[in-house]
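Take a look at the structure set out below.
Nothing in this text is a laboratory measurement; each read-out follows from the coordinates by a stated rule. Every value quoted in this text rests on a predicted model; they were computed, and no experiment measured them. Ideal geometry is used to build each Cβ from the backbone, glycine not excepted, and the neighbour counts take in all protein chains shown.
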């Protein structure tokens, strides 16, 4: 069968089969988000095709893959037609995407600007529904020695103990650190407590000759940098 006949034959196939065949013929980049999700799901229900199911899931996530990645396995199973096996497949695919972002980010280990730090931290903090506080530890060439999660909190906040932060810095012989935490609400403006913590960390760093180079706040639309805004 020539390729033209093969393509013509697709029109007579069930809707469930078309995304995967389209991917074979044209590659994954040719598929929409719904079609890619349909390939992962494999099948729909007796009452709706896999494409309709995929579109329903995406619609519930505001047609935003970042919002989709925030759904837990339990959340996914609330959709009719999604059992534990399909939920696991979706979760595994999203996790692979996150790890790919992380691998790309870690190739850029020298921090020259706030965007470099953001690229490293984004895979860890961007899709969380709770606050976490992280620190990047740098040497005197601004190379990342280590990244550490210092604390994990709730929806509205988390705390960070300067003693713990700088104990690790001394162990690593770091000469600079970059502080970071996320705002699950998506807002980027620092709070009064964020300002206070930044000042406290900076003073502690000055006494130990370990510079606080920046404090990033990550939200759904990007990040806020204390250094970029001249507030360090």
Review point. So how tilted is helix 114-125 from the main axis of the chain? Cα-based, degrees 0 to 90, rounded to 10.
Key: 60 degrees
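What percent antiparallel are the DSSP beta bridges of the chain, to the nearest 5? Can you show the working numbers first?
Numbers: 18 of 25 bridges.
Bridges in the chain that DSSP calls antiparallel: roughly 70 percent.
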Exercise for review: Give the Debye-formula value of log10 I(q)/I(0) at each listed q (0.23 Å⁻¹), with one equal scatterer per alpha carbon of the range 100-149, two decimals each.
Suggested key: -0.86
Review point. What angle do you read, to the nearest 10 degrees and between 0 and 90, between the alpha-carbon axis of helix 84-106 and the longest principal axis of the chain?
Key: 50 degrees
Check your understanding: Just the Cα atoms of the chain: what Rg and Dmax do they give in Å?
Key -> 22.5, 76
Point to revise | Span from the the range 113-144 Cα centroid across to the the range 16-56 one, whole angstrom | key: 35 Å
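Over all distinct Cα pairs, what is the inverse of the mean 1/r for the range 3-102, reported as the Kirkwood hydrodynamic radius in Å?
Its Kirkwood hydrodynamic radius stands at 14.2 Å.
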Exercise for review: Grab the beta carbon distance between residue 102 and residue 141, set R0 = 22 Å, and tell me the FRET efficiency rounded to 0.05.
Suggested key: 0.50
Review point. What nm distance separates the two modelled labels at residue 109 and residue 228, each placed 7 Å from Cα along Cα→Cβ?
Key: 2.5 nm
Revision key, fill the gap. In this structure, the FRET efficiency calculated for residue 203 and residue 95 from their beta-carbon separation, with R0 = 30 Å, to the nearest 0.05, is 0.15
**Study point:** Viscosity 1.306 mPa s, 10 °C: Kirkwood-radius Stokes-Einstein D of the range 110-225 over Cα pairs, µm²/s
**Key:** 114 µm²/s
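Sum -39500 (n - 2.57) across every DSSP H segment of at least 4 residues in the chain, then divide by the residue count to get the 222 nm mean residue ellipticity, nearest 500.
That comes out to -14000 deg cm²/dmol.
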Review point. Relative to the first principal axis of the alpha-carbon coordinates of the chain, what is the inclination of helix 50-60, with its axis defined by its Cα atoms, in degrees from 0 to 90 and to the nearest 10?
Key: 30 degrees
